[in-house]
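Asks: Input: one structure, supplied below.
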Amino acid sequence: TSQSVTGLTAGTTYYYRVRAVNTAGTSANSNIITQITVPNAPVATAATIVTATTFTANWNAVTGAASYRLDVATDVGFTSFVTGFNDKSVAGTADAVSGLTASTTYYYRVRALNAGGTSANSNTITVTTTP
């Protein structure tokens with residue numbers, strides 16, 4: 001009653017249907033099911049417009065992504081998040097991060113989302129605010 005399907009492309013919509021078979025023949029088609037595969041992880045790129053209290057986090061677009069989720073933390077293990085930047089929903093491929101402390105190192109990563117689920121985390125980018 002199940003079958004694994006491999007070799008699919010990330011962030012792509014697929015359709016499937018089934019039929020039953022026995023010695024008397026083959027049934028009619030089942031209903032059609034629509035399934036979208038999880039998108040690939042984005043690639044985070046260097047921060048831009050870095051100031052003492054802000055920077056812009058950037059990443060590359062992912063085919064099939066409907067939105068992105070951004071994490072910004074003060075530690076590379078992402079256990080101490082910047083307020084408002086723990087799994088923040090972002091529509092595009094950049095987001096202004098504000099409310100930061102001067103001369104402080106921050107880390108960011110991003111994930112892509114679609115109806116099929118959430119990608120793995122991107123690479124981690126390190127950025128230090130200016131004095």
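The values are calculated or read from the model by the stated rules, or taken from the named source; none is laboratory data. Keep in mind that this is a model prediction, so the values were computed, not measured. Heads up, the Cβs are rebuilt from the backbone with ideal geometry, glycines too, and the neighbour counts pull from every protein chain shown. Just the protein is used for accessible areas: all its heavy atoms, side chains included, with ligands, DNA and RNA removed. Shrake-Rupley method; radii C 1.70, N 1.55, O 1.52, S 1.80 Å.
Asks: Would you confirm, using the coordinates I've provided, whether T74 is open to solvent by 50 Å² or more (accessible area, probe 1.4 Å), in contact (Cβ under 8 Å) with a residue 24 or more places away in the chain and more than 30 Å from Q35 (Cα to Cα)?
Replies: yes
Asks: Scan segment 10-27 for residues that are assigned to a loop (DSSP other than H, G, I, E, B) and open to solvent by less than 80 Å² (accessible area, probe 1.4 Å) and jot them down.
Replies: Within segment 10-27, A10, G11, T12, A20, S27 qualify.
Asks: Still on this structure: Quick check on segment 66-74. Is at least one of its residues part of a loop (DSSP other than H, G, I, E, B) and within 16 Å of P42 (Cβ to Cβ)?
Replies: Yes, there is a match, as at least one residue in segment 66-74 is part of a loop (DSSP other than H, G, I, E, B) and within 16 Å of P42 (Cβ to Cβ).
Asks: Same structure again: With the requirement that a residue be within 24 Å of the chain's Cα centre (by Cα) and assigned to a loop (DSSP other than H, G, I, E, B), what does segment 28-55 give you?
Replies: T37, V38, P39, N40, A41, P42, V43, I49, V50, T54
Asks: Only one of T93, T51, T83 is surrounded by 14 or more Cβ atoms within 10 Å (Cβ to Cβ), among the polar types (S, T, N, Q) and either out of contact with any Lys or Arg (no Cβ under 6 Å at 6 or more places or on another chain) or in contact (Cβ under 8 Å) with a residue 24 or more places away in the chain (or both). Can you tell me which?
Replies: Testing whether each residue is surrounded by 14 or more Cβ atoms within 10 Å (Cβ to Cβ), among the polar types (S, T, N, Q) and either out of contact with any Lys or Arg (no Cβ under 6 Å at 6 or more places or on another chain) or in contact (Cβ under 8 Å) with a residue 24 or more places away in the chain (or both) leaves just T93.
Asks: Oh, and also: Examine segment 30-41 for a residue that is surrounded by 18 or more Cβ atoms within 10 Å (Cβ to Cβ), in contact with a Phe, Trp or Tyr (Cβ under 8 Å, 6 or more places away or on another chain) and modelled with pLDDT of 95 or more, and state whether such a residue exists.
Replies: Looking through segment 30-41, none of the residues is surrounded by 18 or more Cβ atoms within 10 Å (Cβ to Cβ), in contact with a Phe, Trp or Tyr (Cβ under 8 Å, 6 or more places away or on another chain) and modelled with pLDDT of 95 or more.
Listed here are the residues, each with its yes/no results for (1) within 30 Å of T1 (Cα to Cα); (2) among the hydroxyl-bearing types (S, T, Y); (3) touching a residue at least 60 places away in the same chain (Cβ under 8 Å); (4) in contact with a helix residue (DSSP H, G or I) (Cβ under 8 Å, 6 or more places away or on another chain).
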site	(1), (2), (3), (4)
T37	yes, yes, yes, no
A47	no, no, yes, no
V62	no, no, no, no
R69	no, no, no, no
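Asks: Scan segment 83-123 for residues that are more than 19 Å from the chain's Cα centre (by Cα) and either within 15 Å of T56 (Cβ to Cβ) or not in a strand (DSSP E or B) (or both) and report the count.
Replies: Residues in segment 83-123 being more than 19 Å from the chain's Cα centre (by Cα) and either within 15 Å of T56 (Cβ to Cβ) or not in a strand (DSSP E or B) (or both): 9 in total.
Asks: Taking interchain pairs and intrachain pairs at least six residues apart, which have beta carbon atoms under 8 angstrom, with the first residue in segment 15-30 and closer than 17 Å to S2 by Cα and the second open to solvent by less than 100 Å² (accessible area, probe 1.4 Å) and part of a strand (DSSP E or B)?
Replies: Y15/I33; Y15/T34; Y15/Q35; Y16/I33; Y16/Q35; R17/I33; R19/T26; A20/T26
Asks: Please tell me if N121 is touching a Lys or Arg at 6+ places or on another chain (Cβ under 8 Å), farther than 20 Å from T12 by Cβ and not β-branched (V, I, T).
Replies: yes
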